[in-house]
Amino acid sequence: MLIEVIALTKQDVIEAEKQGYDRVELVSSIDQDGLTPDLELVQSIMEEKLSIPVQVMIRPHDKGFYYNEEDTQVILNSFQEMYKLGVRRFVFGALNQDNTVDEVMLQDIQDIADDIRITFHRAIDFSKDIEVSYQVIAKYPKLIERVLTSGGEPTCTAGKETIKRLLQLSEQWNGPVVMPGSGITLTNLLPFHEEVQAGEYHVGKGVRHDQSYHNRFVSRPAEWK
């Protein structure tokens, strides 16, 4: 299984690689559930010779997933600036005021460059209908590689039935990868994996010592194969 972890600093990224994790989501302001990181930090990380991919969060604020015209310009500028630094993998999600997927925004991002790849984050969990939203997202196979979801619940263990359904849809439609995340820990991942059988998992503080972002990563458990 592939394990993605959250990094807040350059040292986090280096440590995640050293401890055996497969991919990193780079964010700032984890107390606000992750916002766009500084350009200087991203540039510094992109200059490192890393063996694992780094995905950069694009999220200007934590006031919801509907973005007005001013927000939209900030978002598109962030994509363009990060792209110039060599970033090709992003984490992003946006909804309309009626909590449907914002396809106009996706098309605007797609127009920036055809090699941008996105993980559509947990904005999907706040959408009107998760399955319908997944179907919409699946219309953008070149842009959106995967969906990060807790199945519409606070944790992915609580949302496991919806996650299992999304995994079925992913297989039926050859759609974006479904990556469960939220509430995964060292102790509950394997039992959860036995039930849902996803190929990728997103883990936050659950792989930090004492489950705190102030602390370093624990080594990847040998049984997380």
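Numbers for the structure displayed
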| quantity | calculated |
| --- | --- |
| Among the candidates 108, 114, residue that is surrounded by fewer than 20 Cβ atoms within 10 Å (Cβ to Cβ), of a type outside the set (Ser, Thr, Tyr), part of a loop (DSSP other than H, G, I, E, B) and touching a residue at least 24 places away in the same chain (Cβ under 8 Å) | 114 |
| The range 117-130, subset surrounded by fewer than 19 Cβ atoms within 10 Å (Cβ to Cβ) and within 18 Å of the chain's Cα centre (by Cα), residue farthest from residue 80 (Cα to Cα) | 126 |
| Conditions (1) within 15 Å of residue 119 (Cβ to Cβ); (2) of a type outside the set (S, T, N, Q); (3) modelled with pLDDT under 95; (4) in contact with a strand residue (DSSP E or B) (Cβ under 9 Å, 6 or more places away or on another chain); number of the one not met by residue 59 | (3) |
| Output for the range 161-182, where each listed residue is over 18 Å from residue 120 (Cα atoms) and in contact (Cβ under 8 Å) with a residue 24 or more places away in the chain | none |
| Residue among 50, 85, 95, 39 that alone is at pLDDT below 95 and either touching a helix residue (DSSP H, G or I) at 6+ places or on another chain (Cβ under 7 Å) or hydroxyl-bearing (Ser, Thr, Tyr) (or both) | 50 |
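Residue-wise test of (1) among the basic types (Lys, Arg); (2) in contact with a Ser or Thr (Cβ under 6 Å, 6 or more places away or on another chain); (3) closer than 21 Å to residue 225 by Cα.
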position: 115; (1), (2), (3): no, no, no
position: 125; (1), (2), (3): no, yes, no
position: 129; (1), (2), (3): no, no, no
position: 136; (1), (2), (3): no, no, no
position: 147; (1), (2), (3): no, no, no
position: 155; (1), (2), (3): no, yes, no
position: 175; (1), (2), (3): no, no, no
position: 189; (1), (2), (3): no, no, yes
position: 202; (1), (2), (3): no, no, yes
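The values are calculated or read from the model by the stated rules, or taken from the named source; none is laboratory data. These numbers come from a predicted model, not from an experiment. Glycine also receives a Cβ, built like all others from the backbone with ideal geometry; neighbour counts cover every protein chain displayed.
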